[in-house]
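The values are calculated or read from the model by the stated rules, or taken from the named source; none is laboratory data. Just so we're clear, the structure is a prediction, and the values are computed from it rather than from any experiment. No Cβ is skipped: glycine too gets one built from the backbone with ideal geometry, and neighbour counts run over all protein chains shown.
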C-alpha cells in the first residue's frame, strides 16, 4: 500500500531546499531514529515526535530502486562507508533527492545528506527511473536489479559500485563547495593536477607495454644472426647472450611495473581515491558537528551536547583514516617516481650493451651489417621506452607535488583557524 501511495504522489513537485543545507540523522543498529538536525526535520515535514524512535524508512520513497539499498547495506555490513543517491519523501508524500553518506558507528548508523547538483546526478536519475520501473512493473528481483545497476554504472566507466560512490561523493561535494564558497578552490586544483598526472602515467604505461612488445622478439633475432656470423663463444654472440638475459629480466620488471597486481601506479590510484574520499567524509562530519553545536533542539528531545560529542568521536576516527590514506598516497607517489627512474637507468644500461654489440658488428665489415640493422631497430625501441619512462617519472613528480599540496592546504587552513 505504501508503495502505491508513493507512486500516486510521485507527480507532486519535489520539496525545494538550499544547496548549503545539510541533513543529519542518527539511528541505532535497528535503524530506529535517535537524533537528527533541524534541516532533517523541517524538510521531512514530520514532527520530532513522529521522527524520534521511528524507523528511518519513514522517509523512504519507493522511487529509489531496491538495488541501491542492497549495495549500500553490503558496504555498511562490511563496516565501510556507503554513499548513494536516494530520493526521500516528506510527511505529505512529496519527494526530495539527496546524496546520502552512511557511516557505521559503534551503536548504529550516522547519515549525512547533501543536495545533489553535479552533472552525474542527471545520469543517475535516468538509471534509477529504469530500475524502479522494472522492479515495480516487471517484477525484477532485487538481485537482478543490482546486476543491471552495476552494468549501467560500468557503461559509465565505473568498474565497481565502490569506484562509483567514491567518485559521486567527490563530484557532489565539489559542486556544492563551488556553489557555496571558493575556499576549497586550491584543494580541487591539486586534485585535478593529480588526476591529470595519473592519467598521463596510465597512457604512458600503455605505450610502454607496446614498446616492450615490439622489442621482445628482436633480441632473439640478434642472437640467431650472431651465431651465424661467428663461431660459438665469439664476442658478438657473448654480447647477444648478455643482452638476452639482461633484457628478459628488465622486460618482466617493466611489465610488473605497468600491469602487475602490485603495480605501484595501481596502488597509487587506489590510495589517491581513498585520500580524496575520506577527506570529503571528514569535511562533511566536521561541518555537521559545527552546525549541530548551533542547533538547539533540546526541547524536542535531541541533546546537542551529546550529538556534538558523538560527531567529534566520528570525526576523529575518519580524520585518522584520511591522514593515513594521504600518507600512503604520498609515499607511493615517491615510490612511483623512484621506480620510473630506476627502470630508465636500467634501460640506459641495456642500451650500452647494444652499442657495444653495434661496435663489434662493425668490425665484421659487410657481414656485420646484417646484425647491425637489427641492433638499430633495437635502439629505436630503446629510445621510445626510455622517453616513456622519463615521462612517467616527470608525471610522478607532478602527482607527488599535488599530493603534498593536498596535505599542505589543510595544514594552512588549520594554522589560520588556530591563529
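General remarks:
- Scan of region 137-152 for residues that are assigned to a helix (DSSP H, G or I), closer than 30 Å to residue 30 by Cβ and touching a helix residue (DSSP H, G or I) at 6+ places or on another chain (Cβ under 7 Å), ordered by number: 142, 145, 146, 148, 149, 150
- Residue 241 meets the conditions (1) part of a helix (DSSP H, G or I); (2) in contact with a helix residue (DSSP H, G or I) (Cβ under 9 Å, 6 or more places away or on another chain); (3) in the same structural domain as residue 400 (by TED's automatic domain parsing); (4) without any contact (Cβ under 8 Å) to a residue 12 or more places away in the chain in every case but one. The failed one is (4).
- Some residue of region 358-378 being closer than 22 Å to residue 274 by Cβ, part of a helix (DSSP H, G or I) and in contact with a helix residue (DSSP H, G or I) (Cβ under 7 Å, 6 or more places away or on another chain): no
- Flag for residue 126 being more than 24 Å from residue 22 (Cβ to Cβ), surrounded by fewer than 22 Cβ atoms within 10 Å (Cβ to Cβ) and assigned by TED's automatic domain parsing to the domain that holds residue 37: yes
- Residue 174 in contact with a helix residue (DSSP H, G or I) (Cβ under 9 Å, 6 or more places away or on another chain), in a helix (DSSP H, G or I) and either closer than 20 Å to residue 337 by Cα or assigned by TED's automatic domain parsing to the domain that holds residue 400 (or both): no
- Unmet requirement for residue 301, which otherwise passes all of (1) closer than 29 Å to residue 82 by Cβ; (2) in contact with a helix residue (DSSP H, G or I) (Cβ under 7 Å, 6 or more places away or on another chain); (3) surrounded by 16 or more Cβ atoms within 10 Å (Cβ to Cβ): (3)
- Residue selection: residue 329 fails the criterion of being surrounded by 18 or more Cβ atoms within 10 Å (Cβ to Cβ) and either closer than 22 Å to residue 250 by Cα or not assigned by TED's automatic domain parsing to the domain that holds residue 266 (or both).
- Against the list (1) without any contact (Cβ under 8 Å) to a residue 40 or more places away in the chain; (2) closer than 24 Å to residue 19 by Cβ; (3) not assigned by TED's automatic domain parsing to the domain that holds residue 28, the condition residue 167 fails is (1).
- Filter result (assigned to a helix (DSSP H, G or I) and out of contact with any helix residue (DSSP H, G or I) (no Cβ under 9 Å at 6 or more places or on another chain)) within region 250-263: 252, 256
- Filtered residues of region 44-97 (kept if touching a helix residue (DSSP H, G or I) at 6+ places or on another chain (Cβ under 8 Å) and at positive phi): 93
- Top-ranked residue in region 48-75 [being in contact with a strand residue (DSSP E or B) (Cβ under 7 Å, 6 or more places away or on another chain) and in contact (Cβ under 8 Å) with a residue 40 or more places away in the chain; ranked as surrounded by the most Cβ atoms within 10 Å (Cβ to Cβ)]: 68
- Test for residue 78: is it without any contact (Cβ under 8 Å) to a residue 12 or more places away in the chain and assigned by TED's automatic domain parsing to the domain that holds residue 32: yes
- Residue tally, condition surrounded by fewer than 20 Cβ atoms within 10 Å (Cβ to Cβ) and either out of contact with any helix residue (DSSP H, G or I) (no Cβ under 8 Å at 6 or more places or on another chain) or part of a loop (DSSP other than H, G, I, E, B) (or both), over region 98-118: 6
- Single residue of 401, 397 found to be surrounded by fewer than 18 Cβ atoms within 10 Å (Cβ to Cβ), under 23 Å from residue 283 (Cα atoms) and touching a residue at least 60 places away in the same chain (Cβ under 8 Å): 401
- The one condition from (1) crowded, with 20+ Cβ neighbours inside 10 Å; (2) part of a loop (DSSP other than H, G, I, E, B) that residue 18 does not meet is (1).
- Failed criterion for residue 47 (all others in (1) modelled with pLDDT under 95; (2) farther than 21 Å from residue 150 by Cα hold): (1)
- For residue 296, the conditions (1) more than 27 Å from residue 177 (Cα to Cα); (2) not in a helix (DSSP H, G or I) are fulfilled apart from (1).
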